[in-house]
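Presented below is the structure to which this report refers.
What follows draws every value from the coordinates through simple rules; no lab data is involved. Since we're looking at a predicted model, the values are computed, not measured. Heads up, the Cβs are rebuilt from the backbone with ideal geometry, glycines too, and the neighbour counts pull from every protein chain shown.
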Amino acid sequence: MKGICLCIISLFVSISLMGCGSNVQSTIKDYNDDDIAAIVKGREITIGELRFLYPDEKVLDNINGFVKAELVMQEAKIMHLDVSDNLNQTNKTMLTLSQKDTNDPTEKSNREFVDSQAQEFGMEPEEYYKKYLETTAELIAYINAYTQKMLGKPEVDKEDGIQEYNNKANDLLNELVREYENEIEILIK
């Protein structure tokens, strides 16, 4: 189960980073949280939803990945996929991640992100972090359920099994985006 969770986390990270190569010069600082950033099959995604998960300077870089994750979540719901076990396992795994002060640069960076976002949303850092983990765990659970339904379970015993699975999953998700491209509108750039 740990291998599957790691696979899905790496898949989610790759999805969330899909837009990182963008040459977008705009800024979202001029937008309000309730402004619509994108519409995916009729569901409006607000700037506030994106700001909750990403700092302002990263929202534009991650909007395509979030749109893809939203599309997958909608498809999984249409297919009536049960994500409860996956959600419980993902929540347990993610809620145990460390948020203590440390000299590790990655953990310091994570802590700075949490503190900054908590302040931005008028929340205590622990409250923000818990909500952030719950939100990302839900996305991961739906992505996991959808990819496993469409591709089967990853072969975590093979040395390159996770990478191979992630490549196939990314291809699957890109195809899903192409299938619904007429029902996806990104309003900020």
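Some points to look at:
- Out-of-range pairs (alpha-carbon distance over 31 Å; input LYS108/LYS153; LYS68/LYS131; LYS58/LYS130): LYS108/LYS153
- For the range 148-160, the Karplus equation 6.51 cos²θ - 1.76 cosθ + 1.60, evaluated at θ = phi - 60°, returns couplings of 5, 5, 7, 10, x, 7, x, 8, 6, 6, 6, 4, 9 Hz by residue, with Gly and Pro reported as x.
- Cα gyration tensor category, rounded, prolate or oblate, for the range 124-189 with a/c compared to 1.5: oblate
- Karplus-based coupling profile of the range 120-137, in residue order and whole Hz: 4, 9, x, 10, 6, x, 5, 5, 4, 4, 5, 5, 4, 5, 4, 5, 5, 5, with θ = phi - 60° in 6.51 cos²θ - 1.76 cosθ + 1.60 and x standing for Gly or Pro.
- The chymotrypsin sites (Phe, Trp or Tyr not before Pro) of the range 125-189 that DSSP puts in a loop, and whose beta carbon has at most 15 other beta carbons within 10 Å, are TYR180.
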